[in-house]
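A.B. asks: Before I ask anything, let me first share the structure, which is written out below as structure tokens.
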Amino acid sequence: MIQRVDDEAGAGAEPAAMEAEGGSRRARCPTCGARRRGDAVCHRCRTDLGLLIAIEAQADRLLQDVLRAHSHGRFRTAMARARALLRLEPSPGAWRLLAASALRAGDFATAVRAARRAGLKASAAPGAD
Ligand SMILES: [Zn+2]
């Protein structure tokens, strides 16, 4: 049995967890490591962050698409959007979303692979210990 997949798939905590994961990566300039201030150019090294900001916005839209599709029971669509999200911004949370969507879609092989990539651990069957 896979832990935590179902608990987090439809729970309100998932978007917050995803934002926290993306937020920590997004907090600093990828060139010099300075804390980002929301500008399209890094205040320290003058790196143009415009394309990065556009990609992050697209990832945010994909995250919302995944959650919307999942909440409406369109699990194959949710899987496709989760895969697109993973291409843009891989994170354990995005892998968890793919795992949850695949599980609900009945694609158990993908669910297991995605859960492993998310770092979720298999647990023993109830009563096994
Ligand atoms: Zn910088």
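The values are calculated or read from the model by the stated rules, or taken from the named source; none is laboratory data. Keep in mind the model is a prediction, meaning the values are calculated, not measured. Here Cβ is always computed from backbone atoms with ideal geometry, including for glycine, and neighbour counts include all displayed protein chains.
A.B. asks: Name every residue in segment 78-111 that is closer than 21 Å to R26 by Cα, touching a residue at least 40 places away in the same chain (Cβ under 8 Å) and not charged (D, E, K, R), in order of residue number.
C.D. replies: Residues satisfying the conditions are S91, P92, G93, A94, L97.
A.B. asks: List pairs: first in segment 22-39 and modelled with pLDDT of 90 or more and in a loop (DSSP other than H, G, I, E, B), second of a type in the set (V, I, T) and within 13 Å of the ligand (Cβ to nearest atom), Cβ under 9 Å, 6+ apart or cross-chain?
C.D. replies: C29/T47; P30/T47; T31/T47; C32/T47
For every residue, the table says whether it meets (1) within 17 Å of the chain's Cα centre (by Cα); (2) among the small types (G, A, S); (3) at positive phi.
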position: C32; (1), (2), (3): no, no, no
position: R35; (1), (2), (3): no, no, no
position: C42; (1), (2), (3): no, no, no
position: D48; (1), (2), (3): no, no, no
position: A57; (1), (2), (3): yes, yes, no
position: D65; (1), (2), (3): yes, no, no
position: R68; (1), (2), (3): yes, no, no
position: H72; (1), (2), (3): no, no, no
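A.B. asks: List the pairs whose first member sits in segment 59-77 and is part of a helix (DSSP H, G or I), whose second member is surrounded by 17 or more Cβ atoms within 10 Å (Cβ to Cβ) and of a type in the set (V, I, T), and whose Cβ atoms are under 7 Å apart, counting only residues at least 6 apart or on separate chains?
C.D. replies: Hits for this filter: A69/T77.
A.B. asks: When only residues in segment 74-106 that are more than 17 Å from R117 (Cα to Cα) and of a type in the set (A, V, I, L, M) count, which is nearest to the chain's Cα centre (by Cα)?
C.D. replies: Restricting to residues being more than 17 Å from R117 (Cα to Cα) and of a type in the set (A, V, I, L, M), the top hit is A78.
A.B. asks: For segment 45-74, how many residues are surrounded by 14 or more Cβ atoms within 10 Å (Cβ to Cβ) and within 16 Å of the ligand (Cβ to nearest atom)?
C.D. replies: 5
A.B. asks: Those residues that are of a type in the set (A, V, I, L, M), in contact (Cβ under 8 Å) with a residue 12 or more places away in the chain and out of contact with any helix residue (DSSP H, G or I) (no Cβ under 8 Å at 6 or more places or on another chain), I need them from segment 40-51; list them, please.
C.D. replies: The one that is of a type in the set (A, V, I, L, M), in contact (Cβ under 8 Å) with a residue 12 or more places away in the chain and out of contact with any helix residue (DSSP H, G or I) (no Cβ under 8 Å at 6 or more places or on another chain): L49.
A.B. asks: Only residues that are within 9 Å of the ligand (Cβ to nearest atom) and under 16 Å from A57 (Cα atoms): list them for segment 30-40, please.
C.D. replies: R36 - this is the single residue of segment 30-40 that is within 9 Å of the ligand (Cβ to nearest atom) and under 16 Å from A57 (Cα atoms).
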